[in-house]
Amino acid sequence: MRPKPIVAPGRLSCRELVELITDYLEDALPHPMRERFEQHLRGCEGCFAYLDQMRVLLSVLGHLREEWIAEPARGRLLDALAEWKRS
Amino acid sequence: MSRAAFQPEPDGRQPIDPDAGLIDGLREREESAFGELVARYHGPMRRIAALHVPSSAIAEEVVQDTWIAILHGLPRFEGRSSLRTWMLRILTNRARSRGELEARAKWVTSLDAEGDREAAVESGRFSDDPSSWPGHWRAHPRSWHGEVEERILRTEWQARLRNLLEDLPVAQRIVVVLRDVEGWPARDVCLALDISSGNQRVLLHRARSRLRSVLEARADEA
């Protein structure tokens, strides 16, 4: 059983980590903070699972397919294209 | 193959035009190239236009006009910026002009990320006991890998996620759609929306935090 982390001064709490997660994924954390972040992750099952959830979310968002354009609008555009080709 | 020249990145890298593969076809006036361009950009352009004009119907008109302008302007596109940046500039100019016609000041959408701070996770999820692991999770989030992830990827969950997106505040929604659904890099989103990278990151953070939080609540249901 993994021991619970001790929150020492200068270390990140989980509450702080979840606020930094986007900066982390964006590569926007300054190096010392990034170190603290990763160190916390290594010792904290909860935050590791949280990062995992966030990664699954991003994966699902990336898979969303949308019907961007309704048929009538598409028809108008194809007409515009046909006209453009003739010009 | 057309050679496109771009502004180098601050670290000297040349960014790759994500639509480079279409440019030759567009110059040849190929329907398939134009069709693909429309598939990629009609939706995002409509969302962006909607920030500047009072209704979705007007946003649609603006985007239709923009496509005509793009078609006619293509011979002048020199590849000094990416095709995306070039098209979005045309779009934003048209959307702003149309917005001004419609008395813009009254309803323009603010993308300012200031205002009430939103916590990524509700505070009660963390312990406040100073004598034992303050700020630590009371109960760990569950891992979503495997079974849960497969369920989420299934069509009905995709539909739910689309609805959740529409429930987001508009500024958060546009950023997370352009970044995470469309896959646009941060730089392009900041340019398209005329916001700072810090502002963009705050909006992205809030959107992702909200979506995760609602997904977590739903994932725990059957």
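The values are calculated or read from the model by the stated rules, or taken from the named source; none is laboratory data. Values in this document were obtained by computation on a predicted structure and should not be read as measured data. Note: ideal-geometry Cβ built from the backbone for every residue, glycine included; neighbour counts use all protein chains shown. The accessibility values were calculated without ligands, DNA or RNA, using every heavy atom of the protein model including side chains. Shrake-Rupley method; radii C 1.70, N 1.55, O 1.52, S 1.80 Å.
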Compute the acute angle (0 to 90°) between the alpha-carbon long axis of helix B:197-219 and the principal axis of greatest extent of the alpha-carbon atoms of chain B; round to the nearest 10°. 50 degrees
Got a sec? Which residues in segment B:161-191 would a label at residue B:110 touch, if it sits 7 Å along Cα→Cβ and we count backbone N under 18 Å? B:169-175
So what are the ³J(HN,Hα) numbers for segment B:21-36, from phi and the Karplus equation (6.51, -1.76, 1.60; θ = phi - 60°), rounded to whole Hz, Gly and Pro as x? x, 8, 4, 4, x, 5, 5, 7, 6, 7, 4, 5, 5, 5, x, 5
Which residue fluctuates most in the GNM of chain B (Cα springs below 10 Å): B:77, B:34, B:126? B:126
Per residue, what accessible area does the protein assembly as shown have, given a 1.4 Å probe and all protein chains present, in Å²? 53 Å²
Per residue of segment B:159-168, what does 6.51 cos²θ - 1.76 cosθ + 1.60 with θ = phi - 60° give for ³J(HN,Hα)? Whole Hz please, x for Gly and Pro, Karplus curve as stated. 4, 4, 5, 4, 5, 4, 4, 5, 7, 5
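Can you tell me the FRET efficiency between residue A:85 and residue B:132 if r is taken as the Cβ-Cβ distance and R0 is 51 Å, rounded to the nearest 0.05?
0.10
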Averaged over its residues, how many other protein chain Cβ atoms are within 10 Å of peptide B:124-132's Cβ atoms? 2
Relative to chain B, whose Cα atoms define the longest principal axis, helix B:56-73 and its Cα axis are tilted in degrees, nearest 10, by 40 degrees
Within 10 Å of each Cβ in B:31-40, the average number of Cβ atoms from other chains: 3
Can you list the residues in segment B:175-222 whose accessible area drops by at least 50 Å² when all protein chains are present, compared with the chain alone? Use a 1.4 Å probe, heavy atoms only. B:180, B:181, B:201, B:205, B:208, B:212
If one builds a Gaussian network model of chain B from Cα atoms under 10 Å apart, the most fluctuating residue listed among B:150, B:78, B:102 is B:150
Gaussian network model of chain B, Cα within-10 Å springs - most flexible of B:28, B:36, B:60: B:28
Interface size between chain B and chain A, please: total buried accessible area, 1.4 Å probe, rounded to the nearest 100 Å². 4900 Å²
Listed residues B:92, B:161, B:211: farthest to the positive end of the dipole of the protein assembly as shown (Cβ charges): B:92
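For segment B:60-141, with all protein chains present and a 1.4 Å probe, just round the carbon and sulfur fraction of the accessible area to a whole percent.
On the way: 2190 of 4620 Å².
The nonpolar share, carbon plus sulfur, comes to 47 percent.
At a threshold of 8 angstrom on Cα-Cα distance, excluding pairs fewer than six apart, so keeping six or more, what relative contact order does chain B reach in percent? Spell out each step's value before the answer.
On the way: 187 pairs, mean separation 42.3, N = 222.
Relative CO of chain B lands at 19 percent.
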So who's got an amide H within less than 5 Å of the one on residue B:126, skipping anything under 5 residues away but keeping other chains? H placed 1.01 Å off N, in plane. B:138
